[in-house]
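The values are calculated or read from the model by the stated rules, or taken from the named source; none is laboratory data. Predicted model only: the values in this text are computed from it and were never measured. Here Cβ is always computed from backbone atoms with ideal geometry, including for glycine, and neighbour counts include all displayed protein chains.
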Amino acid sequence: MPAGLSWNILPACVAVLVLAVGAVRAHAVPDAMPSTMPSVMPDAVAGATTLSHTQSVYVSHCGGCHGIEGISGPTFVPMLRNSVGSFACTEEGRAYLVRVPGVSMSLIRDDQTLADVMNFVLVTLGGTSTPPGFRPYTAAEVHAWRAHPLSGPDFMALRAHVLERSLAACARQPDRG
Ligand code: HEC
């Protein structure tokens, strides 16, 4: 896959997000609320709107492409859910996850915020794929690695090699699984 291709879907992702946010707003703030309306909407879902700051940053900056739960469906956007942690057993893999263009060039400019989002991605979305001894990303690591964004025609080959080496390292970790 040519690396440039991935950015072609940005407008679509943004459009989906804008629609989704619009739908949520439209639902949460009805234009004409009758005075007899109960204070809790009958179809309200408990806890559905209580996202942490990090989760809402993920939803706005990453969720349009990767899905709000890390499930991107049958597209060329990789699944994060129960999958992304497979890269995290080597330093090279940890760096890879920060250097992919969607992360390194993210509009989330604050390194600590991006580290928090990556730790949410690995620990929560990565689920069973993330090694038990996963060391959370620090702002310093994010700062250093995002300065070297990955690109180029060999991206998928590089990804495959990074993944292979990490999976081998994961398998050598005695406390895994
Ligand atoms: C425009 C859509 C888009 C956005 C926005 C986006 N990504 Fe991605 N992401 C991709 C695509 C496509 C890939 C595959 C690599 C490539 O071609 O860039 C990818 C790869 C990744 C990977 C590597 C996974 C793997 O299996 O190789 C991670 C981790 C990741 N993204 C996390 C994020 C996070 C976190 C954000 C928000 C800060 C984000 N992405 C924003 C589309 C996106």
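Taken together, Ser6, Ser35 contain a single residue that is more than 15 Å from the ligand (Cβ to nearest atom), modelled with pLDDT under 70 and farther than 18 Å from Leu125 by Cβ, which is Ser35.
Here is the figure for region 154-168: residues that are of a type in the set (D, E, K, R) and exposed (fewer than 13 other Cβ atoms within 10 Å of the Cβ) total 2. Please go through region 124-144 and pick out each residue that is buried (at least 16 other Cβ atoms within 10 Å of the Cβ), under 17 Å from the mean Cα position of the chain (by Cα) and closer than 16 Å to Met105 by Cα. Across region 124-144, the qualifying residue is only Val142.
The set of residues in region 99-116 being assigned to a helix (DSSP H, G or I) and more than 8 Å from the ligand (Cβ to nearest atom) consists of Arg99, Ser104, Asp111, Gln112, Thr113, Ala115, Asp116.
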